[in-house]
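The numbers here are math on the coordinates, done by the rules we state, and not lab data. Worth saying up front: this structure is predicted, and the values here are computed from it rather than measured. Backbone-built Cβ (ideal geometry, glycine too); neighbour counts: all protein chains shown.
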Amino acid sequence: MTAMLRGLAWDHRRCWGPLDASVESWRAAHPGFDIVWDRQSLHDFGEGRLEEAVRRYDLVVFDHPYIGDIAEAGLTVPFDPYLSAAETARFEADSVGGSWRSYQAGGRQWALPIDAAAQVASYRPDLLGAYADGPPKSHAEVLALGARLRKDGRYIALPFIPTDAMCLVMTVAAGAGATIGEGGQFLPPEAVEQAIDALRALVAYAHPLSAEWNPIRCYDHMIAHDDVVYVPYAFGYVNYAAREAAPRLAFTDVPAPGSRGALLGGAGIGVSAFSQHREAAIAYALHLCSAEFQRGDYVRFGGQPGSLAAWRDPAVNALTRNFFADTLTTLSRSLLRPTHPGFIGFFRDLTHPAADAIAGRLSAAELAVMLNRRYAQTLTAAAPERRAV
């Protein structure tokens with residue numbers, strides 16, 4: 001009798017492509033187990049209700065800020081008992097930036113980093129040369145490029161639907177030297193005001209649809225039209241650099257040399273605490289996150305690996321037009337946002353105010369008050385008041 005493993009991915013080829021491709025070979029090597037991957041929206045991946053997903057699936061791909069709630073409620077199976085000291089050391093050494101650490105809480109490893117990403121810069125290499133010698137290296141250079149582009153009827157872009165708006169506030173504030181979550185506040189008010197001022201300056205030269213775009217929508221527009229030339233901050237997607245058809249996008253480091261600010265994204269894979277096939281699911285997750293698979297089929301089928309060995313691999317970079325090598329500095333310095341219990345709820349509540357502030361509908365001072373007041377609630381809330389299964 002065949003036992004079924006069910007997994008939940010998010011609905012982009014970067015996630016489901018290598019997962020779907022892994023099924024046939026894994027099934028052939030492990031008779032008696034089958035695997036089916038379902039998909040959810042990008043919004044639900046980052047802000048959905050994980051408690052519901054782990055009750056229905058053996059394996060779930062999710063964003064690392066869930067880790068505090070996962071650990072508190074025991075929603076996934078810690079990997080520690082299944083890893084030797086040598087295997088743990090290998091995973092730690094093979095981490096892209098803080099990816100491995102981002103799935104830890106309470107001294108346990110609640111998920112494996114299967115995908116690594118951060119907010120990086122991107123551009124149309126066939127168009128940028130007419131306006132600059134290369135991608136901008138500073139905020140001032142981005143504004144100067146934006147001014148040149150507007151004179152020619154073109155734009156930079158800054159995707160800031162509410163989810164991305166909140167990420168932008170963190171990236172720009174941290175890139176300017178602020179520390180998130182220090183001293184019981186989310187950000188100092190002056191850091192919020194400085195970040196919003198910088199983001200509004202970029203919006204002044206940005207495509208009018210920027211407020212309606214997430215990175216995927218922005219990149220889709222960039223390869224279908226010639227009016228957006230450069231994006232200073234958006235989560236990178238290898239698929240737009242590796243695509244066979246022209247035009248393609250090139251990706252590079254954020255325009256803030258030495259910055260520690262580019263927000264870490266990516267995805268982890270966890271095994272549900274409710275799974276009836278824990279050991280099989282653990283073994284499959286370890287296979288998906290192994291350096292060998294990550295630098296091989298994971299990349300070939302459209303994935304963006306969480307393995308540092310893959311990011312540094314010359315063959316992988318040749319296949320993806322240097323996407324990984326050209327953005328690794330930003331990933332290595334990326335910012336790890338808080339992951340304590342309640343952070344996801346805080347993040348959900350502040351996405352729309354962040355977008356309103358960037359768009360000029362809310363003052364930066366008001367946003368700072370809202371951020372710090374709501375963040376304080378996550379630090380003082382009693383455990384029974386937090387979400388639990």
Which residues' amide hydrogens lie under 5 Å from the amide hydrogen of residue 76, considering only partners 5 or more residues apart or on another chain, with H built in the peptide plane? 273
Kirkwood hydrodynamic radius of the range 150-205 from all distinct Cα pairs, in Å? 12.2
Among 144, 246, 198, determine the one that fluctuates most according to a GNM of the chain built with springs between C-alpha atoms less than 10 Å apart. 246
Using helices alone, I'd like the mean residue ellipticity at 222 nm for the chain: each DSSP H run of four-plus residues gives -39500 (n - 2.57), total over residue count, nearest 500. -13500 deg cm²/dmol
FRET efficiency, 1/(1 + (r/R0)^6) with R0 25 Å, evaluated for residue 243 and residue 152 via beta carbons: 0.45
Using bins 10 angstrom wide from zero, how does P(r) for the range 280-389 break down, in % of all Cα pairs? 12, 25, 22, 27, 14, 0
Hey, if you drop one equal point scatterer on each alpha-carbon of the range 199-339 and run the Debye formula without solvent, what base-10 log of I(q)/I(0) do you get at q = 0.21 Å⁻¹? -1.36
Which order do 327, 339 fall in if you start with the one that has the fewest other Cβ atoms within 10 Å? 339, 327
Compute the distance from the alpha-carbon center of the range 126-204 to that of the range 313-336, in whole Å. 21
Can you pull the one-decimal nm distance between simple spin-label points at residue 200 and residue 260, each 7 Å off the Cα toward Cβ? 2.9
Burial ordering of 275, 25, fewest other beta-carbon atoms within 10 Å first: 25, 275
May I ask for the net charge around residue 267, where only other residues with Cβ less than 10 Å from the Cβ of residue 267 are counted and Lys, Arg are +1 while Asp, Glu are -1? -1
How tilted is helix 215-224 with respect to the longest principal axis of the chain? Cα atoms for both, answer in degrees (0 to 90, nearest 10). 60
